[in-house]
1. Which order results if 121, 62, 72 are arranged by neighbouring Cβ count within 10 Å, fewest first?
2. Per residue, how big is the convex hull of the stretch 2-121 when only Cα atoms are used? Give it in Å³.
3. If each residue's Cβ is checked for other Cβ atoms within 10 Å, how do 82, 56 rank with the fewest at the top?
């Protein structure tokens with residue numbers, strides 16, 4: 001874990017998730033875990049055409065993990081994130097629901113930053129364990 005100054009000059013804790021090289025546009029996501037004051041949650045980070053995005057790994061329709069197989073979050077066009085169970089579609093950059101049974105509810109966004117070849121969790125709502133994983137693991 002490293003500490004970095006946030007936008008208001010206050011220290012911000014950063015937890016390493018993975019190497020930047022572990023993420024390719026439309027490729028496998030990297031799974032990790034985050035903890036809040038009450039529980040530990042599965043999460044993932046992906047690289048899309050506009051950059052990086054990270055989410056709690058839970059479909060807005062039902063509380064099930066999204067990936068088809070470990071780390072497979074994108075649809076066949078590598079454009080949207082898709083729930084393997086019911087086919088709900090989400091935009092990769094915002095997690096907004098764009099189709100399927102999610103009924104307009106989006107994914108829960110996590111704040112991440114990428115610097116010096118590493119992707120970090122920077123979301124103040126969550127802390128480790130933020131175990132680094134290989135793409136798809």
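No lab work stands behind these numbers, since they all come straight from the coordinates. Quantities reported herein were computed from a predicted structural model and do not represent experimental measurements. Note that we place each Cβ from the backbone using ideal geometry, even for glycine, and neighbour counts take in every protein chain shown.
1. Numbers: 121 24, 62 12, 72 15.
Going from sparsest to densest Cβ surroundings: 62, 72, 121.
2. Details: hull volume 13.5 nm³, N = 120.
Spread over its residues, the Cα hull of the stretch 2-121 gives 113 Å³ apiece.
3. Details: 82 23, 56 20.
Fewest to most other Cβ atoms nearby, the residues stand as 56, 82.
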